[in-house]
Amino acid sequence: MSHPPDWLVAVAWASLAVAFACALLIAADVFVRGYRLPMGVMEAVWPITALYAGPFAVWAYWRLGRTTSPRWLREHDRDGPPDKPRWASIGLGVTHCGAGCTLGDVLAAFLVFWLGLNVAGLALPYEWAFSYAFALALGIAFQYFAIAPMRGLGVRDGLRVAAKADFWSLTAWEVGMFGWMAVVVFVLFPDPHLAPDQVTYWLMMQVAMLVGFATAWPANVVLIGRGIKEAM
């Protein structure tokens, strides 16, 4: 495969349109309809998750996010949200590092493209370096705003614990994401390479995020099981 075929371009446009619609739907439910969440960082995590998971993110938000809202609890006359199965707690943990990774990867892709950075005509090494750095910073920030309030930690201790909790999860995510993008660059579109000014590039990035979600899952099983990362 070299130039993206027309059918794949059409799929890419449809996938991005659905993803953005899902993100807006969640954001509107939280901020317009008033289903604010007790953990403020999740009000950003859920719409960001929808950018790559689309309708699945909406389903997960309705089941696992909206049901924690004080408004939802009042409407259903409950003192607390429904109990979550273990897989749900693990999945929520993955979405935290996933939100940071998603933002970091998007910023890195635009920055490298805008600056025209490449090695022998290949932008991938710079994209990987910037993606990992941005994702690590943003992932720790997302984790800090989840862990610090729950444990009552100050900034220094909160950042230390957040870094410990998120480093392996985030690294596992990036391994999956980098692996898929390597397939895209070297196998699917070796010449010419896809670039961020092409819609198909962002479809491939959506797939990369889903692969990253899968590779980060085992890391979160271990981290949550050992109490290094909070079960949500």
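Throughout, read-outs are computed from the coordinates displayed, never taken from laboratory work. None of these values were measured; they are calculated from a predicted model. Reconstructed Cβ throughout: ideal geometry from the backbone, glycine too, with neighbour counts over all protein chains shown.
Give the angle, between 0 and 90 degrees and rounded to the nearest 10, that separates the Cα long axis of helix 6-31 from the longest principal axis of the Cα atoms of the chain.
On a 0 to 90 degree scale, this one is about 20.
Net charge within 15 Å of P4 by Cβ-Cβ distance, Lys/Arg positive one each and Asp/Glu negative one each, not counting P4 itself?
Values: positive: none; negative: D6, D191, D197.
So the surrounding residues net to -3.
With an 8 Å cut-off on Cα pairs and a minimum separation of 6 or more residues, tell me the relative contact order of segment 6-225 in percent. If you can, show how the numbers build up before the last one.
Details: 286 pairs, mean separation 46.7, N = 220.
This gives 21 percent for segment 6-225.
Report the per residue volume, in Å³, of the convex hull enclosing the C-alpha atoms of segment 6-225. Mind dumping the intermediate values first?
Details: hull volume 28.7 nm³, N = 220.
Hull volume normalised by residue count: 130 Å³.
How high is the FRET efficiency from V32 to V187, r the C-beta distance, R0 41 Å, rounded to 0.05?
Details: r = 43 Å, r/R0 = 1.05.
Approximately 0.40, to the nearest 0.05.
Excluding W168 itself, what net charge comes from residues whose Cβ is under 12 Å from its Cβ, given Lys and Arg +1 and Asp and Glu -1? Please report the intermediate quantities before stating the final value.
Details: positive: K164, R226, K229; negative: D166, E174.
My count for the surroundings of W168 gives +1.
Tabulate in residue order the Karplus-calculated ³J(HN,Hα) for segment 76-84, using 6.51 cos²θ - 1.76 cosθ + 1.60 with θ = phi - 60°, rounded to whole Hz; enter x for Gly and Pro.
In residue order, the calculated couplings are 9, 6, 10, 7, x, x, x, 5, 9 Hz.
T215: net charge of surrounding residues, Cβ under 15 Å, Lys/Arg +1, Asp/Glu -1, itself excluded?
Values: positive: none; negative: D105, D166, E174.
Charge balance in the 15 Å sphere: -3.
What whole number of Å gives the distance from the Cα centroid of segment 158-184 to the Cα centroid of segment 17-75?
One Cα centre to the other: 23 Å.
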